[in-house]
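Working notes for the structure below.
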Amino acid sequence: MVKVAIIGGGASGCFAAIQIQEFSKNSFDVSIFEKSKEPLSKLRISGGGRCNVTHDLKDPELLSLKYPRGQKELRWAFESFQPSDTIEWFRNKGVALKVESDGRMFPITDSSETIIECFIKEIENRKINLHLQKGIQSIFIEGIDESQKFKLVFEDNSEQYFDKVILASGSNRKSWKWMEALGHNIIDPVPSLFTLGIEDSSILSLSGLSMPNASIRISPKGKWQNAPLLITHWGFSGPAALRLSAWEARSLFDLNYKTEIEINWLGNINSQELEKIFLEYKEEYSSSKISNKKYPDFPSRLWEWFLTDCNIDKDKKWIDLSKNEIRSLANSICHSKFQMTSKGVFKEEFVTAGGISRKDINFKTMQSKKIPNLYFTGEVIDVDGITGGFNFQNAWTTATLAAKDICKTF
Ligand SMILES: Cc1cc2nc3c(=O)[nH]c(=O)nc-3n(C[C@H](O)[C@H](O)[C@H](O)COP(=O)(O)OP(=O)(O)OC[C@H]3O[C@@H](n4cnc5c(N)ncnc54)[C@H](O)[C@@H]3O)c2cc1C
């Protein structure tokens, strides 16, 4: 019997174990080694306890664009296993998923427990050996070619031999060190998916307000990220801020999270276009007070914040607004600048950018290019997605590819 060890009982490790037994009709000897007391602990708290399992984006090309790191490699991996396969997989196991308006998919129970129960049932039924509190201390390779075996040394100093190993240990510095010792390059890990803390500013008094279609970038030349933006009591959050944190994870780390950020509260409308719109307002709503006739999308308090920012009296009528005031208002809305001073925690999801270099992995099989029969799945690899279920999809896809390869001779 082929003996497979999976290091890490998280999302990708458990999924890989189940897929191996599904493809091999339960005929492999599969063991999951998890260092903590329970498996799937990150999945349990994921998506605010609801587990955002995947995203309703089923075109592999468009889907791959959601990964700041791993786009090119996942493009082809998704041809083998993508969100429609995830949905089908869970449906076959009796777990129905639902889509939210932004495309995120959750179990209809709105509880991560549903996913955990499904995995545990599969693990039991398929006779997968789940060892808890069994951390791996180190890995050795003994023998060559056909006789190659992996020797796993556990934290309790016991040892076991395996034919194949899947490293599914998530963002874990210790396992990156072992892999470095085995000849793999490790891309420096840095945090991704965080909120943006800013210097004390009167905008913070508007905490809780959001704009549905704002753009944000590192000033002056960063790439704009366009999505809903939320003002919090200490900075910015919501999809636009989180996307910026993902795409600029490395630059923001290098800047020690201290930099100027720029916001266009109207996303795709530029200040010249907005100026023109305001000149039309001046004609059309000449006798209305500027505070009463605001640009449609703005919450009143945010609109008033811009008027204060530009020293415009809110009781002024549109007709009395000077050209300079109109220019300054458009400019303030389309080029708001804030000093970022720190990164915060986004409670619903966060990941690490960096890990095992993608260049050292064959993404058709998830096998190491340095050591045969050694596989990588999930977050241990230098792959991460933006928020929305893309990180779990990476775990399901890479786990399935590894399982398929392990079972290919079956
Ligand atoms: C708060 C939070 C919420 C999230 N919400 C979402 C979400 O809703 N949607 C989404 O797509 N993504 C979400 N993510 C990201 C997602 O959880 C990860 O991308 C995913 O869990 C990665 O799976 P993994 O199996 O690679 O790693 P992990 O889930 O981190 O599992 C790795 C496992 O390996 C174990 N391990 C490590 N070292 C050893 C060792 N030496 N020996 C034995 N075991 C070891 C760890 O204890 C852990 O259980 C969230 C992340 C966080 C932190």
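FYI, it's all coordinate maths here, none of it is from the lab. For clarity, every value in this text was computed on a predicted model and none was experimentally measured. Cβ: placed from backbone, ideal geometry, glycine included. Neighbour counts: every protein chain shown.
Summary value for the chain: 24 percent relative contact order, contacts being C-alpha pairs under 8 angstrom separated by 6+ residues.
With all pairs of different C-alpha atoms in the average, the Kirkwood value for the hydrodynamic radius of the chain is 23.3 Å. Using the Cβ-Cβ distance between D59 and S219 with R0 = 22 Å, the FRET efficiency computed as 1/(1 + (r/R0)^6) comes to roughly 0.10. Over the chain, dividing the summed -39,500 (n - 2.57) contributions of all DSSP H runs of at least 4 residues by the number of residues returns a 222 nm mean residue ellipticity of -10000 deg cm²/dmol.
Positive-end ranking of Q71, Y375, I263 along the dipole of the chain, with charges on Cβ about the Cα centre, is headed by Y375. 3J(HN,Hα) along region 135-152: x, 8, 8, 7, 10, 10, 10, 10, x, 10, 6, 4, 8, 5, 9, 9, 9, 9 Hz, from the Karplus curve 6.51 cos²θ - 1.76 cosθ + 1.60 with θ = phi - 60°, whole Hz, x for Gly and Pro.
Available extension along the chain between D315 and Y161 is 47.6 nm, counting 0.36 nm per residue and deducting the alpha carbon span.
Ordered by the count of other Cβ atoms within 10 Å of each Cβ, fewest first, T195, T398 give T195, T398.
Label-to-label distance for N270 and E283 is 2.3 nm, based on points extended 7 Å past Cα in the beta-carbon direction.
Across region 194-345, the relative contact order, built from alpha-carbon pairs under 8 Å that are at least six residues apart, equals 32 percent.
Looking at the chain alone, DSSP beta bridges between its own residues are antiparallel in about 75 percent of cases. Of all aspartates and glutamates in the structure, the ones whose alpha carbon falls short of 19 Å from that of K276, not counting any fewer than 8 places away in one chain, are E284, D297, D320, E325.
The local environment of L244, defined by Cβ-Cβ distances under 10 Å, has a net charge of +2 under the rule Lys, Arg +1 and Asp, Glu -1.
The translational diffusion coefficient of region 194-345, from Stokes-Einstein at 25 °C and 0.890 mPa s with a Kirkwood hydrodynamic radius over alpha carbon pairs, comes to 155 µm²/s.
In this structure, the pairs whose alpha-carbon distance is over 28 Å, taken from K37/K98; K347/K408; K98/K177; K25/K174; K3/K364, are K37/K98; K347/K408; K98/K177; K25/K174. Under a straight-distance cross-link criterion of Cα-Cα below 18 Å, which aspartates and glutamates are reachable from K164, leaving out those fewer than 8 residues away in the same chain? Once the sequence-local aspartates and glutamates are set aside, what remains near K164 is E22, D29, E34, E142, D145, E146, D360, D405.
Given the Cα-Cα distance of T365 and H233 and 0.36 nm per residue of separation, how much length would full extension add, in nm? Show your work: numbers first, answer last.
Details: separation 132, 0.36 × 132 = 47.52 nm, distance 4.57 nm.
Roughly 43.0 nm would be gained on extension.
Measuring against 18 Å, Cα to Cα, the residue pairs K223/K294; K149/K370; K294/K337 contain K223/K294; K294/K337 as the ones spanning a longer distance. Residues L302, L196, L255, arranged from fewest to most other Cβ atoms within 10 angstrom of their Cβ, appear as L255, L302, L196. For region 94-118 and region 331-410, what is the centre-to-centre distance using only Cα atoms, to the nearest Å? Value for the Cα centre distance between the two parts: 21 Å.
The distance linking region 196-234 with region 167-182 is 36 Å (Cα centroid to Cα centroid, whole angstrom).
If packing is taken as the average number of other Cβ atoms within 10 Å across a peptide's residues, how do 276-287, 325-336, 376-387 rank, most packed first?
Top of the packing list down: 376-387, 325-336, 276-287.
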